[in-house]
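A.B. asks: I am attaching a structure below and will ask some questions about it afterwards.
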Amino acid sequence: RRSSSKMEASDAADSELELFGDWQTTQWKRPKTSIDGKIPRGKYGHVEVWTDSHVPKGCVHINRPRCEIVAKKLGIEFAPAMTGFEMKSGRSVPVRSGIVVLRQDADLVKSAWREMEEERRRRQREAKDKADRKLWRDLIRKVIINQKIISEE
């Protein structure tokens, strides 16, 4: 015959042990933008975007390089999007990629970003062309100097 303490222990092992609170199992609800059109931010000033469903209602996640610069130039309200964590130097560091803007500003930011990228690429091409011309000029000068040296001998 088992003692009652052993019986209670075996019954507890057989039944499920709930190691979470009810508040941890509720369905995720998207945060809403405020009435005055402000983007809801976390305590560190960014929006946590783990999946597309984490983007606040009325907002859009724009995940393009240098889009933060465009939004600043246009004077549009935005919040950096934190999309995860990575390990650096043995510690966990947040990864920020893109920005979160209001839906009505998204098309403006995207088109301005495209224009800025085209301009940036044009400047890069011009700089590369200028460097290439300098290399050719230097090569031609060296060939001319070499020919003069050979003809003098």
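The values are calculated or read from the model by the stated rules, or taken from the named source; none is laboratory data. Values in this document were obtained by computation on a predicted structure and should not be read as measured data. As a convention, Cβ positions derive from the backbone with ideal geometry for all residues, glycine included, and neighbour counts pool all protein chains shown. Quick note on the areas: whole protein, heavy atoms, side chains included, nothing else; ligands and nucleic acids left out. Shrake-Rupley method; radii C 1.70, N 1.55, O 1.52, S 1.80 Å.
A.B. asks: With N denoting the number of residues in region 75-129, provide Rg(C-alpha) divided by 2.2 N^0.38 Å, to two decimal places.
C.D. replies: In units of the globular-protein estimate, region 75-129 measures up at 1.60.
A.B. asks: Taking Cα Rg over 2.2 N^0.38 Å as the quantity of interest, determine which of (1) 1.35; (2) 2.04; (3) 1.06 was computed from the displayed structure.
C.D. replies: Here the calculated entry is (2).
A.B. asks: Could you bin all the Cα-Cα distances of region 31-72 into 10 Å bins starting at 0 and give me the percent of pairs in each, rounded to whole numbers?
C.D. replies: Per 10 Å bin, starting at zero, the Cα-Cα P(r) for region 31-72 comes out as 25, 56, 20 percent.
A.B. asks: With charges only on Cβ, +1 for K and R and -1 for D and E, what is the dipole size of the chain about its Cα centre, in debye, rounded to 20?
C.D. replies: Numbers: 33 positive and 24 negative charges, 169 e Å.
Magnitude of the dipole: close to 820 debye.
A.B. asks: Using Cα atoms only, what is the angle between the long axis of helix 103-152 and the major principal axis of the chain, expressed in degrees (0 to 90) to the nearest 10?
C.D. replies: 40 degrees
A.B. asks: Could you do me a favour and compute the accessible area per residue for region 113-153, 1.4 Å probe, result in Å²? Write down the numbers at each step before the final one.
C.D. replies: On the way: 4020 Å² over 41 residues.
For region 113-153, the solvent-accessible area averages 98 Å² per residue.
A.B. asks: Tell me the carbon and sulfur percent of the accessible area for region 43-153, rounded to whole percent, probe radius 1.4 Å.
C.D. replies: That share works out to 53 percent.
A.B. asks: Rounded to the nearest 0.05, what FRET efficiency do L135 and R64 give with R0 = 22 Å and r taken as the Cβ-Cβ distance? Could you check? It would help to have the intermediate numbers written out before the result.
C.D. replies: Numbers: r = 33 Å, r/R0 = 1.50.
Rounded to the nearest 0.05, the efficiency is 0.10.
A.B. asks: Do the sum for the chain: with -39,500 (n - 2.57) for every DSSP H run of n ≥ 4, divided by all residues, what is the mean residue ellipticity at 222 nm, to the nearest 500 deg cm²/dmol?
C.D. replies: Rounded to the nearest 500, the figure is -16000 deg cm²/dmol.
A.B. asks: Among the lysines, which have Cα under 21 Å from the Cα of K32 when same-chain residues fewer than 8 positions away are ignored?
C.D. replies: Candidates past the 8-residue exclusion: K43, K57.
A.B. asks: With both partners inside region 38-153, how many of the DSSP beta bridges are antiparallel, as a percent to the nearest 5?
C.D. replies: Working: 13 of 15 bridges.
Here the share of antiparallel DSSP bridges comes out near 85 percent.
A.B. asks: Considering the options W28, V47, L74, tell which one lies farthest towards the positive end of the dipole of the chain, charges being +1 on Lys and Arg and -1 on Asp and Glu at the Cβ, about the Cα centre.
C.D. replies: The residue sitting farthest along the positive end of the dipole is L74.
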